[in-house]
Amino acid sequence: AILFGIMNLFPLMALNLQQTSREATLLGAALAMWEKEMHVLSLLVMLTTLLVPALQIALEIYVTVLALRGHMSAHKLAAPILILQKIRPWSMIEVFMLGLLVSLVKLQDLAEIIIGPAFWS
């Protein structure tokens, strides 16, 4: 949860090209896609890299707290665990990061790329 917070608060990367620097965050990238009329892609990025992982982390914390307090009844755990199983395929941060790495390799000859704290998180 802490790393997820860092990932969303700090820049993912910065590009330096001809004395011009641009920083990008996950939310900023999704909003930039929205402004470029790529609404479906923007919503998909927000869903798979922000909303679903946040819900997944919240549900995992909820289940852990219940387990630590000894409230492990089936009716309290059934719904959160079922939701976790249903949303797991939509949490595609790994696929996003793979795409980002491919982009970084392709861009390294065109501009100086500075990896931000969010990338490592």
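Observations, loosely collected:
- Only residues that are among the aromatic types (Phe, Trp, Tyr) and within 10 Å of the chain's Cα centre (by Cα) were counted across the stretch 1-27, and they come to 1.
- One residue stands out among those in the stretch 3-41 that are among the small types (Gly, Ala, Ser), farther than 30 Å from Ala79 by Cβ and out of contact with any Gly (no Cβ under 9 Å at 6 or more places or on another chain): the one that is most open to solvent (accessible area, probe 1.4 Å), which is Ser21.
- Taking the numbered list (1) in contact with a helix residue (DSSP H, G or I) (Cβ under 8 Å, 6 or more places away or on another chain); (2) of a type in the set (A, V, I, L, M, F, W, C); (3) in a helix (DSSP H, G or I) in turn, Leu44 passes all entries but (1).
- Selection within the stretch 1-24 - part of a loop (DSSP other than H, G, I, E, B) and at pLDDT 85 or above: Ala1, Phe10, Pro11
- Any hit, the stretch 100-107, residues being over 26 Å from Ile2 (Cβ atoms), exposed (fewer than 12 other Cβ atoms within 10 Å of the Cβ) and within 21 Å of the chain's Cα centre (by Cα): yes
- Leu31 vs. criteria within 17 Å of the chain's Cα centre (by Cα), assigned to a helix (DSSP H, G or I) and either closer than 16 Å to Leu100 by Cβ or modelled with pLDDT of 90 or more (or both): yes
The values are calculated or read from the model by the stated rules, or taken from the named source; none is laboratory data. Quick caveat, the model's predicted, so the values are computed rather than measured. Cβ: placed from backbone, ideal geometry, glycine included. Neighbour counts: every protein chain shown. SASA here: full protein model, heavy atoms, side chains in, ligands and nucleic acids out. Shrake-Rupley method; radii C 1.70, N 1.55, O 1.52, S 1.80 Å.
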